[in-house]
Amino acid sequence: MTRSPRAFIFDLDGVITDTAEYHFLAWKKLAEELGVSIDRQFNEQLKGISRMESLERILELNSSLLNLPYEEKLRLANQKNEHYLELIQSINSDSILPGIEDLLQKCKQENIKIALGSASKNAPIIVDKLGITKHFDYVVDASMVKNGKPHPETFTTAADFLNIPYSECIGLEDAAAGVEAVNEANMFSVGVGEVKHLSHADFLVGDTSELVFEEIIKHYKVKCEVS
Ligand code: B16
Ligand code: MG
């Protein structure tokens, strides 16, 4: 029997809005202050992973920074976040990526639950600034899980709250670590981005304007039939 999905679990940064770019700019500034240079290619591996883990990966680029005391690392992470919060001041409903509002509407019409599964501690502020809090049946942010992406906990926490089997959930992600988390949760993964980073997604689109509800459902059902 072909099932229909009962929940869509959306990543935030890079799927609902392009805060991924602001994260990059804030990390780049901090890295430069530490005498380290990062580019967009390097930034791909920071997508979807926690603030402290991202900092560790930047510090690894310069061996003299490896043994900083924890308090200093916290100070640096806070400094990045302060700059990031300045950069996202201007976010509003115009910052919602193309296709996302239609997809949310379509889920509502079809009685499909909507959740957020973000690695960002700032997720609730951002969703509020975008004016879409009302669409979400549940919001999971970094403060609610022990294990960040690629661990599946962010996605399973949302499904458990909604009381929906993982196989009936679809996770939408722009990060390699995020797609891995969705797959590890035994959910259907929709990747948004390039095949060189997201080849492990069950269904891949180039950008959010290609997130067409009917297409996603079609690919989900094909996977259900073969498994
Ligand atoms: P914060 P997502 C993730 O959000 C970002 O992709 C990642 O780059 C960032 O380091 C992480 O949130 C933590 O964010 O510093 O705001 O707590 O893509 O899972 O929505
Ligand atoms: Mg993301």
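The values are calculated or read from the model by the stated rules, or taken from the named source; none is laboratory data. Bear in mind the structure is a predicted one, so any value in this text is a computation, not a measurement. All Cβ positions, even for glycine, are placed from backbone atoms using ideal geometry, and neighbour counts span all protein chains on display. Just the protein is used for accessible areas: all its heavy atoms, side chains included, with ligands, DNA and RNA removed. Shrake-Rupley method; radii C 1.70, N 1.55, O 1.52, S 1.80 Å.
So the values come out like this:
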item: Sparse-neighbour loop sites [trypsin sites (Lys or Arg not before Pro); the stretch 55-139; at most 16 other C-beta within 10 Å; DSSP]; result: LYS121
item: Residue-normalised accessible area of the chain, expressed per residue, 1.4 Å probe, Å²; result: 48 Å²
item: 5 Å-binned pair-distance histogram of the stretch 123-183 (Cα, whole percent); result: 4, 18, 24, 27, 20, 7, 0
item: Lys, Arg +1 and Asp, Glu -1 on Cβ, resulting dipole of the stretch 35-108 about Cα centre, debye, nearest 20; result: 160 debye
item: Dipole of the chain [Lys/Arg +1, Asp/Glu -1 at C-beta], most positive-end residue of LEU12, LEU104, CYS169; result: CYS169
item: Span from the the stretch 165-227 Cα centroid across to the the stretch 1-55 one, whole angstrom; result: 17 Å
item: Only Lys, Arg (+1) and Asp, Glu (-1) charged, at Cβ; the stretch 133-188 dipole about Cα centre in debye; result: 120 debye
item: Relative packing of peptides 171-178, 16-23, 212-219 - highest average C-beta neighbours within 10 Å first; result: 171-178, 16-23, 212-219
item: From the C-alpha gyration tensor of the stretch 20-90, square roots of 5λ in Å; result: 18, 14, 11
item: Trypsin sites (Lys or Arg not before Pro) restricted to the stretch 1-33 and DSSP loop, no more than 13 other C-beta within 10 Å; result: ARG3
item: From the C-alpha gyration tensor of the stretch 119-227, square roots of 5λ in Å; result: 22, 16, 15
item: Base-10 log of normalised Debye intensity for the chain (one unit scatterer per alpha-carbon) at q = 0.13, 0.18 Å⁻¹; result: -0.73, -1.33
item: Unit charges on C-beta of K, R, D, E only; dipole of the chain, Debye; result: 380 debye
